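**Student:** Attaching a single structure in structure tokens format; questions to follow.
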Amino acid sequence: MIKFYSIYKSDLNIRNKILSSIKKVINKNNFILGNEVYEFEKRFSRYCGSKYAVSCSNGTDAITLALISLDLPKDSEVIIPAMTYASTFYAVLNAGLKPVLVDINDNDPLINFENILNKITNKTKAIIPVHLYGSVVNIHKLKKIINKKIIIIDDCAQAHGAYYKNKKRVGGGNITKISTFSLYPGKNLGAYGDAGIITTDNKKIYNKLKSIRNIGALKKFKHETIGLNNRLDTLQASILIHKLKQLDKLNNKRKKISQQYFQKIKNYQINFLKYTNYSVFHQFVITVKNREKFIKYMSKKKIQVGIHYPHTINQMKYFKKIYGKIKFKNAEILAKDCVSLPIDPMLTKKEVNYIIKIINNFN
Ligand SMILES: Cc1ncc(COP(=O)(O)O)c(C=O)c1O
């Protein structure tokens, strides 16, 4: 069986280092906000090119914390794409704000700018573009077309290590006000459990985030702001320190596999999506009209594939319950037809060629 993604294989060469770091944390008995947490934050902000990074419990809370740190008025609207993981939507609700959906581009997983402009009202206070599948939203262009007062928080949960442009990394601080990352195990940079991190160049926001994630306290028993318990565990931080070091290498492997797919998959039933130049291919997503048949066929040939995602945000039961029925053409076509091919960076040449051959024989 060709697995969709094996974390075990990706980490095999750093496994011993990870195990010895875990042992060290256990021996030190410092599980909450230990040195490793601050060390990982320092390394991650340096990697992204931001002034500050605040780690937290997961990527959903990272977005919620970012929104809470902005102190927006209660009835503020926050624009998000109709095609993203449920978390982007829930994070806005969890921050007590109103999510406003916008369609994605045609045959391209990223939020459509024209539709953003159509949805902006005087209550729009923030936009959360999502770098879906590791393809990167053109933030420079977005900033030019929207009112400067509208704050951009980019959801980078699927784009660790990607570039906006000009060698400026996603999460690099001064491009958007705040960037949020999930460090869920299956992400390009993933922990061994739930984890997340936020980057910013804004010192005020940085201090607020540190306080909010720690029950309103920058110092023990000095609770001075709104507070949640959203800290990153020291154990996870000790693992992430090692994993960060091999992120670029693994991203390059993803890019190489994707190039092979683009060049060699030739089947009129398979359609490629547009990816931007600096994509890190968190997922390699194709669309195929007869998805069920394709998935059954791949499974018979012992190749695991995925669906990201089977429903758009507006198709979710809970969304409909609150906001009623609305439609987004491009997002819904993608949700209906999308299939994610294996993009495990450790796939061998032989495995990649086998996947390509099997897809080319699909009819
Ligand atoms: C685009 C996007 N945003 C947010 C999240 C939430 O991250 P987490 O699962 O760490 O809460 C994810 C994770 O799947 C995601 O893909």
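**Student:** Please report, ordered by residue number, the helices (runs of 4 or more DSSP H) entirely within segment 1-111 with at least 2 residues that are under 30 Å from MET298 (Cα atoms).
**Tutor:** 7-11, 86-94
**Student:** May I ask you to list the residues in segment 169-183 that are away from the ligand (no atom under 12 Å from the Cβ) and assigned to a strand (DSSP E or B)?
**Tutor:** If the condition is that a residue be away from the ligand (no atom under 12 Å from the Cβ) and assigned to a strand (DSSP E or B), then ARG169, ILE178 are the ones that fit.
**Student:** Just to check your reading of the model, which residue among ALA86, ALA91, ALA82, ALA62 is under 29 Å from LEU334 (Cβ atoms), modelled with pLDDT of 95 or more, surrounded by fewer than 16 Cβ atoms within 10 Å (Cβ to Cβ) and of a type outside the set (Val, Ile, Thr)?
**Tutor:** ALA86
**Student:** Give me the residue from segment 102-113 that is under 20 Å from the mean Cα position of the chain (by Cα) and surrounded by fewer than 23 Cβ atoms within 10 Å (Cβ to Cβ) and, out of that set, nearest to the ligand (Cβ to nearest atom).
**Tutor:** Here the residue is LEU110.
The rows are residues; the columns are (1) more than 30 Å from ASN35 (Cβ to Cβ); (2) in contact (Cβ under 8 Å) with a residue 12 or more places away in the chain; (3) outside the structural domain of ASN13 (by TED's automatic domain parsing).
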{"residue": "ASN229", "(1), (2), (3)": "no, yes, no"}
{"residue": "LEU235", "(1), (2), (3)": "no, yes, no"}
{"residue": "ILE241", "(1), (2), (3)": "no, yes, no"}
{"residue": "LYS255", "(1), (2), (3)": "yes, yes, yes"}
{"residue": "PHE262", "(1), (2), (3)": "yes, no, yes"}
{"residue": "ILE265", "(1), (2), (3)": "yes, yes, yes"}
{"residue": "TYR278", "(1), (2), (3)": "yes, yes, yes"}
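Residues are listed down the side, and each one gets a yes or a no for (1) assigned to a helix (DSSP H, G or I); (2) modelled with pLDDT under 95; (3) surrounded by 22 or more Cβ atoms within 10 Å (Cβ to Cβ); (4) not assigned by TED's automatic domain parsing to the domain that holds PHE284:
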{"residue": "ASN115", "(1), (2), (3), (4)": "yes, no, no, yes"}
{"residue": "ASN122", "(1), (2), (3), (4)": "no, no, no, yes"}
{"residue": "LYS125", "(1), (2), (3), (4)": "no, no, no, yes"}
{"residue": "TYR133", "(1), (2), (3), (4)": "yes, no, yes, yes"}
{"residue": "VAL136", "(1), (2), (3), (4)": "no, no, yes, yes"}
{"residue": "HIS140", "(1), (2), (3), (4)": "yes, no, no, yes"}
{"residue": "LYS143", "(1), (2), (3), (4)": "yes, no, no, yes"}
{"residue": "GLN158", "(1), (2), (3), (4)": "no, no, yes, yes"}
{"residue": "GLY161", "(1), (2), (3), (4)": "no, no, yes, yes"}
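**Student:** Separate question: So if I check each of LYS208, LYS264, LYS204, which one is surrounded by fewer than 21 Cβ atoms within 10 Å (Cβ to Cβ) and either more than 30 Å from ASP337 (Cα to Cα) or within 22 Å of the chain's Cα centre (by Cα) (or both)? If you could, list the steps in order and put the result at the bottom.
**Tutor:** Values: LYS208 fails: surrounded by fewer than 21 Cβ atoms within 10 Å (Cβ to Cβ); LYS264 fails: either more than 30 Å from ASP337 (Cα to Cα) or within 22 Å of the chain's Cα centre (by Cα) (or both).
When all the criteria are applied, what remains is LYS204.
**Student:** On the basis of being surrounded by 23 or more Cβ atoms within 10 Å (Cβ to Cβ) and more than 16 Å from the ligand (Cβ to nearest atom), does SER76 make the cut?
**Tutor:** The answer is no for SER76.
**Student:** Using the structure shown, decide if THR180 is crowded, with 18+ Cβ neighbours inside 10 Å and either acidic (Asp, Glu) or touching a Phe, Trp or Tyr at 6+ places or on another chain (Cβ under 7 Å) (or both).
**Tutor:** So THR180 does not fit the description; no.
**Student:** Hey, LYS17 hits all of (1) charged (D, E, K, R); (2) in contact with a His (Cβ under 8 Å, 6 or more places away or on another chain); (3) within 16 Å of the ligand (Cβ to nearest atom) but one; which does it fall short on?
**Tutor:** Of (1) charged (D, E, K, R); (2) in contact with a His (Cβ under 8 Å, 6 or more places away or on another chain); (3) within 16 Å of the ligand (Cβ to nearest atom), only one is false for LYS17: (3).
The values are calculated or read from the model by the stated rules, or taken from the named source; none is laboratory data. It should be emphasised that the depicted structure is a prediction, and the values quoted were computed from it without experimental measurement. Counting neighbours? That spans all protein chains shown, and the Cβs are built from the backbone with ideal geometry, glycine included.
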